Each structure stands twice: as C-alpha cells, then as structure tokens.
1. Within 10 Å of each residue's Cβ, count the other Cβ atoms and sort 55, 106, 1 from fewest upward.
2. When a footprinting reagent is the concern and you count Cβ atoms within 10 Å, what order do 6, 67 take, fewest first?
3. For labels at residue 69 and residue 10 in the simple 7 Å Cα→Cβ model, what's the distance in nm?
4. Please rank 71, 26, 82, fewest neighbouring Cβ atoms within 10 Å first, as an exposure proxy.
5. Which three numbers, in whole Å and largest first, are the semi-axes of the equivalent ellipsoid of the stretch 1-118 derived from its Cα gyration tensor as √(5λ)?
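Nothing in this text is a laboratory measurement; each read-out follows from the coordinates by a stated rule. From a predicted model like this one, the values you see are computed outputs, not experimental measurements. Quick reminder, even Gly has a Cβ in these numbers, built from the backbone with ideal geometry, and neighbours come from all protein chains shown.
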C-alpha cells in the first residue's frame, strides 16, 4: 500500500482528497501546513507527497524542497488553484514530479501518483531523456499535459507516439543520425 502525505491548508481539500485516495487503496496522512508536513516526515515514511502550492507559513515549493532534501526518493506532486505556466515551470524546476491545477479529477491525481512511481520506459538517465526529448522537439510535453487537461490533444498524442517508438529501440549514435539525414 502506497503511503501518501497530503499537504493542504484547506480542510475541505484535505478531507475530500484523502477520502478519495483511501477509497483507491492508499494510506493517507494529512498535514494542514508545510511545517506540519515536515514534522510528520520525521516520524513517518512516505512514497508520495501531494502538496498545495500556496499555503500560509512555508509554501508548497519550500515544503517540497525540504522533504526531498531529507528524502530524495520521495515523489512530489504540486497542486494549486493558481495553475499558470509560470507556476508549473517553477514547480518542475524546483523538483516536483508532477503539477496539477485545481480543480482536478480524482482520476488525474491517481494517474499522477501512479506515473510518479513507474520508471520511464527509456533506459536513460533523466538528463539523457531530457536531451532526447529536446532533439525530438518535445520539450514542452509536461506543460502540454498540464494545459490540455485530457492529455489526448494532437500534440500530446504525437509526443506519446514518439517516445513509445524511441523507447522500443536503441538510440542511434550522432554519426548514424548524420549519415541517415537526407539532403533537402
């Protein structure tokens, strides 16, 4: 059973999301602040933290950084009612594994929790994957899934098709790529 730390200053969000997650089979512990989340992490181990971006006291980004600093294997999902591209980029650059704008469906949250736990099918280090994604022209994939809630827009499907195709075969060397280029 996956252990989830849910951090949100709004009681209604904590109550409803924790109930949903428990119904899905997760063990959930709630914290009403970043300070409380850090305190709980001293005595309990968690696999995923779902953290509100804007909270009084320690905000979500700082909470996530402190939790990940203490527990690097912890996966973090930032949730917020302020779902701008700037906030998404800030969260991802700060170490978030995913970003969800409120309101979100339970399916999206469960999917995000699942996806943070599943290793990427490409047998590459994170920096190598990012380089590959850049070469394929899909550097905005995560922002696309944030802005296109369904994740099924043409752009997202193209990205998924490309990464699936690439993950099923070894990467060509730069030399091979240069040899196979056709003149325009």
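1. 1, 106, 55
2. By the 10 Å Cβ count, ascending, the order reads 67, 6.
3. The two pseudo-label positions are separated by 2.9 nm.
4. Details: 71 15, 26 18, 82 12.
Exposure proxy ranking, most exposed first: 82, 71, 26.
5. 17, 17, 14
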